[in-house]
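Undergrad: The structure is given below, and queries will be raised subsequently.
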Amino acid sequence: MKRLCVAIVIVFVITGMVFIAHFLRRYQTKDDIPPVISAESDSIIMSVHADGSELLNGMSAYDDKDGDVSDSLMVVSRSVFVGQDTVVINYAAFDSHDNVGTYSQKVVFSDYVHPRFSLSAPLIFSTINETTNFLANVTCMDCLDGDITSRIKLISSDLSDTAISTNGKVDLFMQVTNSVGDTQTVSVSAIVQDKNENDKSCPAFSEYLWYVKRGEHLDIYGLVSGIRTSRGIVRLEDAGYTMDNIFVDDALVRYDEPGTYVAAVTLHEMENVIGTTDLYIVVED
């Protein structure tokens, strides 16, 4: 019995020593200090087309136990705009004990362009009601996010009888916001006219909404791609017309002041107006 008690005590002591040794070893190797990330500058200038590897240029990460852990560096998030064409990029680096070091750097985009709408056909409808898809021919591209057509919102459209003016137009406002919080709005008008009017030939374009910088002028005559007919778009000569039959009225377009304007492009035959196409021009700063 006495030997059994001694054996138990010995086992207990050995177990305790093993536990203490393990605890001391863990304490000595304990690491809760994250890596430190360094960069050549707190602010850099870069293209919107830069990928993650380019954003890591000039950056390094060092851990007091693991040494150089720059290979673990990664981009984890991007803020909305915090200044003119400027965002904050957040980085992270990891050590072998899963400690995470973080760092934030300002990035100024050298070639940023606002989201741009595109209109592939005139906004002309025979009837307008609650189910009319005003955005059917509208898309939007962004230099950072690519195609953001799905984010377009029609933020105002009054379909009441009183909203449709005597010339059959309904004012519409399209809005889109990209991932850095840049919100762009374009004001356009949907035209309501009977089917007979829709079938009339009129000037055709590859695009019905154009962007220009303030002070620049758009060569609208040079943009005419043909004639829209009931059979589709055909060449001027195939429809029996020349550029002498096209007349552009852009008197209301103020190329020196940012805004959205409309130029009326008409197809004439002798003294008669055959059909008119509205071309939207967005003047940017």
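The values are calculated or read from the model by the stated rules, or taken from the named source; none is laboratory data. Just so it is clear, the structure is predicted and the values come from calculations on it, not from any experiment. For neighbour counting, all protein chains shown are included, and Cβ atoms are generated from backbone atoms with ideal geometry for every residue, glycine included. With ligands, DNA and RNA removed, areas are computed over all heavy atoms of the protein, side chains included. Shrake-Rupley method; radii C 1.70, N 1.55, O 1.52, S 1.80 Å.
Undergrad: Only residues in region 79-96 that are touching a residue at least 40 places away in the same chain (Cβ under 8 Å) count as the first member; pair them with residues that are surrounded by fewer than 12 Cβ atoms within 10 Å (Cβ to Cβ) and not in a strand (DSSP E or B), Cβ under 6 angstrom, at least 6 apart or cross-chain, and list the lot.
TA: Qualifying pairs under 6 Å: Val80/Gly181; Phe81/Gly181.
Undergrad: In region 109-136, how many residues are out of contact with any Phe, Trp or Tyr (no Cβ under 9 Å at 6 or more places or on another chain) and at pLDDT below 90?
TA: Summing the residues that are out of contact with any Phe, Trp or Tyr (no Cβ under 9 Å at 6 or more places or on another chain) and at pLDDT below 90 in region 109-136 gives 7.
Undergrad: Right, here's the next one. In region 37-58, what residues are charged (D, E, K, R) and touching a residue at least 40 places away in the same chain (Cβ under 8 Å)?
TA: Listed by number, the list holds a single entry, Asp42.
Undergrad: Next question. Would you mind stating whether Val192 is under 24 Å from Phe125 (Cα atoms), within 27 Å of the chain's Cα centre (by Cα), surrounded by 16 or more Cβ atoms within 10 Å (Cβ to Cβ) and at pLDDT below 95?
TA: No: the conditions fail for Val192.
Undergrad: Now a separate question. Pairs please, first residue from region 105-116 and farther than 21 Å from Gly58 by Cα, second anywhere and open to solvent by less than 20 Å² (accessible area, probe 1.4 Å) and outside any loop (DSSP other than H, G, I, E, B), Cβ atoms under 7 Å, 6+ apart in sequence or on different chains.
TA: Pro115/Cys140; Pro115/Asp142; Pro115/Val176; Arg116/Cys140
Undergrad: Further question: Residues Gly146, Gly101, Gly83: which one is open to solvent by 30 Å² or more (accessible area, probe 1.4 Å), within 30 Å of Leu56 (Cα to Cα) and modelled with pLDDT of 90 or more?
TA: Result: Gly83 is the single residue among Gly146, Gly101, Gly83 that is open to solvent by 30 Å² or more (accessible area, probe 1.4 Å), within 30 Å of Leu56 (Cα to Cα) and modelled with pLDDT of 90 or more.
Undergrad: A further question on this structure: Can you run down the residue pairs with Cβ atoms below 6 Å, 6 or more apart or on separate chains, where the first is in region 59-72 and within 15 Å of Val100 (Cβ to Cβ) and the partner is hydrophobic (A, V, I, L, M, F, W, C) and surrounded by fewer than 16 Cβ atoms within 10 Å (Cβ to Cβ)?
TA: Tyr62/Val36; Asp64/Ile33
Undergrad: Could you pull out the residue among Ser179, Ser187, Ser201, Ser225 that is over 32 Å from the mean Cα position of the chain (by Cα) and either open to solvent by less than 20 Å² (accessible area, probe 1.4 Å) or not charged (D, E, K, R) (or both)?
TA: Testing whether each residue is over 32 Å from the mean Cα position of the chain (by Cα) and either open to solvent by less than 20 Å² (accessible area, probe 1.4 Å) or not charged (D, E, K, R) (or both) leaves just Ser201.
Undergrad: Which condition from (1) in contact (Cβ under 8 Å) with a residue 40 or more places away in the chain; (2) outside any loop (DSSP other than H, G, I, E, B); (3) within 25 Å of Leu154 (Cα to Cα) is the one that Glu207 breaks?
TA: (2)
Undergrad: Working only within region 114-128, note down all residues that are closer than 16 Å to Lys169 by Cβ and open to solvent by 70 Å² or more (accessible area, probe 1.4 Å). Write out each step before concluding.
TA: Restricting attention to region 114-128, the residues satisfying the condition of being closer than 16 Å to Lys169 by Cβ are 119, 122-128.
The one that is closer than 16 Å to Lys169 by Cβ and open to solvent by 70 Å² or more (accessible area, probe 1.4 Å): Thr127.
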